[in-house]
1. In region A:211-232, how many residues are at the interface with chain B (Cβ under 8 Å from one of its Cβ atoms), part of a helix (DSSP H, G or I) and under 21 Å from residue B:372 (Cβ atoms)?
2. Return a yes/no flag: does region A:265-275 have any residue that is over 26 Å from residue B:371 (Cα atoms), in a loop (DSSP other than H, G, I, E, B) and within 14 Å of chain B (Cβ to nearest Cβ).
3. Taking residue A:235 as meeting all but one of (1) within 30 Å of residue B:327 (Cβ to Cβ); (2) within 13 Å of another protein chain (Cβ to nearest Cβ), write down the number of the exception.
4. With B:322, B:287, B:299, B:305 as the choices, which residue is assigned to a strand (DSSP E or B) and on the phi < 0 side of the Ramachandran plot?
5. Exactly one of (1) more than 13 Å from chain A (Cβ to nearest Cβ); (2) touching a residue at least 60 places away in the same chain (Cβ under 8 Å); (3) under 29 Å from the mean Cα position of the chain (by Cα) is unmet by residue B:310. Its number?
6. Kindly list the number of the only condition in (1) touching a helix residue (DSSP H, G or I) at 6+ places or on another chain (Cβ under 8 Å); (2) in a loop (DSSP other than H, G, I, E, B); (3) closer than 29 Å to residue B:460 by Cβ that fails for residue B:37.
7. Which of the residues spanning region B:366-393 are within 12 Å of residue B:355 (Cβ to Cβ) and either part of a loop (DSSP other than H, G, I, E, B) or in contact with a helix residue (DSSP H, G or I) (Cβ under 8 Å, 6 or more places away or on another chain) (or both)?
8. Of the residues A:185, A:208, A:193, only one is within 19 Å of the chain's Cα centre (by Cα), under 22 Å from residue B:328 (Cα atoms) and more than 7 Å from every other protein chain (Cβ to nearest Cβ); which?
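The values are calculated or read from the model by the stated rules, or taken from the named source; none is laboratory data. It should be emphasised that the depicted structure is a prediction, and the values quoted were computed from it without experimental measurement. Using ideal geometry, Cβ is built from the backbone for each residue, glycine included, and neighbour counts are taken over all protein chains shown.
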């Protein structure tokens, strides 16, 4: 091979590198820019702050990654968070709470509200998934229905009032261990690892990619399409239940209108992370980066004293810009 | 200059696509006021030629002379304006809009405010529909019409363009007997008005009923044109298939064992009735027939993709119940589907996953995680075994050539170690070299004692590879014949067109 060819190969590799890690480069540039503009950004407290801010929609975005890879969408996760959250909170209230939801309930071990939230989340997801798999209605519609229904149940359950004053063992889930590492961040990292294993190392994960890649070919090749679809939405719901626990732990109370619009934030994180709406393409790692981009953006703009209303504008532009870059990457291959 | 008596004259038309020369310098002459049939096997180039006339394709070489004028390059819209309409095999109406909006799509009559004049459109549509004796309200939604009616609307559209030449690409393939008769009535009426029609069909009886002249193509070449009154059936068939079987088919005789797989009286509501056949160990069982004969649908029904109406399936003499492809795979069956893009590959996924997808359970450890090392090494083995040309297992399958994609799919199914393989058009759209490789592989599998069912629309392939051949015509089995040196393509074609009695009668006379 000639020298000219050699250098060309290298250049192409750079290009491919830029393509592959495009969004990571964006994240690094954002971090660099922010640390120059505001040195406080790189303090360990602030880094953990950013990570903590990413946890709630970040955890839901992990489930969303499975959903979107399979060419679906899950609009219900925000509402599921609220429903699972108010139920968990009602089971985890301190006896000292005023206007206690269950006035005569003794203080339960914290595992009870945790399991309740996870069960409600998984059940809601199971219902959406079953609807999608069995009636073949579009995921958009099935989860739009679940979004409205779950929000309705959250309101019915609480009669519209927030549930607060949780037991210390519950709020500890939103606190820090060794006074440094936030528990939500630990939970988030564990879920990243578990989701990554599920997506890459199990039959379920391969089936998710296959369904997104070509649902007919998946069926013909012996993939159990309907069971996989049901599992996908159940997992997404389960993670929304987990996010509800983190939310309750951090805030110390849950109101039935909580997490409105979070489904869109987690969809945004997933898209920024390179998961394609046309299916078959996406990674957990990418979604993590996508969630960080959003969290860094929000944190950075606040540190820079940017007006909260303008932050919204910036966020919208970033979401669209990131996806344009991502689409170009896919289109160039043709 | 051009011969004035023809409405359309095509000379020396050449059309190439990357890797294939679809038309190798063919000709066609159409007289005014005639129904002209085009015949030839799949891949003969008929549809390509028609798309050249309609302005969808532009020939690489050759002349198109229409009404005595030599045409340059033109678009479909220009073709329509000149009076050339084409009714495609796959109709694509705007389903949830009314008939009239479909007819006047893109040239809606406007009122003085430049808004669509629905009243005028309605009146105009009524006139056009009346012209072809179609009694239907122009405000009816397309979606509520039968395929036959939708086709009539397409014809009405052609009439509304005042077309002088109407091309129909297999218009009868989805119609019932009665609907075909209606179509023929309209065709005759249009002919009486001096319009010319080009008609493509695989059904010989139809051709003889409606066509004035017949032109035959084969492998992208022009074979001949004759009046349908003078052209005898057996001669027509030999014009269509008259190809010698070369050494393309490295079939070696294998030891044939006991019956492995059997289907009894399998029926489907729409596609086929009472299909029975069996396949033995080491046997290659070919299924021949024209497009629409119901061959692929049989496999889809066996695998549980389509609901069967009746019938039983036996493996090793035991009755089995197959509800979905998973059950079939569990019974040692494999299915290489007909349409690689639609139901075969996962385009944006890796070669590795494309190959492994039907085999994941074998590579799971105790806690359900995939043993990536074992999986990769087996994939590597199969890349070697079927000789897939790919830079790595991580390569996206969409970046491979069609032949290599097909090999990956073959490997997918070989990995499941099946006993019974269903191969639906295993070499369609694949270059000659890869074709021979796949044929060699099929023979080798038969040699290993596997039972193989192979559907193919290419008669030379069926005859070159099979031990026995089942021929179908419109959902019915017209014959199961032993393959032998004395079997001719003409005979198979006669079975496929359900004219075998006639064929044997003329042969008897000789």
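1. Applying the first criterion (at the interface with chain B (Cβ under 8 Å from one of its Cβ atoms)) to region A:211-232 yields A:213-214, A:216-224.
Next, from what is left, pick out any that are part of a helix (DSSP H, G or I): A:213, A:216-220.
Filter once more, keeping what is under 21 Å from residue B:372 (Cβ atoms): A:213, A:218.
The number of residues fulfilling the criteria is 2.
2. Quick first cut of region A:265-275, residues over 26 Å from residue B:371 (Cα atoms) only: A:265-274.
This time we only want the ones that are in a loop (DSSP other than H, G, I, E, B), so: A:273-274.
When the remaining residues are screened for being within 14 Å of chain B (Cβ to nearest Cβ), the result is A:274.
Among the residues of region A:265-275, at least one is over 26 Å from residue B:371 (Cα atoms), in a loop (DSSP other than H, G, I, E, B) and within 14 Å of chain B (Cβ to nearest Cβ), which makes the answer yes.
3. All conditions are met except number (2).
4. Details: B:322 fails: assigned to a strand (DSSP E or B); B:299 fails: assigned to a strand (DSSP E or B); B:305 fails: assigned to a strand (DSSP E or B).
When all the criteria are applied, what remains is B:287.
5. Among (1) more than 13 Å from chain A (Cβ to nearest Cβ); (2) touching a residue at least 60 places away in the same chain (Cβ under 8 Å); (3) under 29 Å from the mean Cα position of the chain (by Cα), the lone unmet condition for residue B:310 is (2).
6. (2)
7. B:375, B:376, B:378, B:379, B:382, B:383, B:385, B:386, B:388, B:390, B:393
8. Details: A:185 fails: under 22 Å from residue B:328 (Cα atoms); A:193 fails: under 22 Å from residue B:328 (Cα atoms).
Every option except A:208 fails the conditions.
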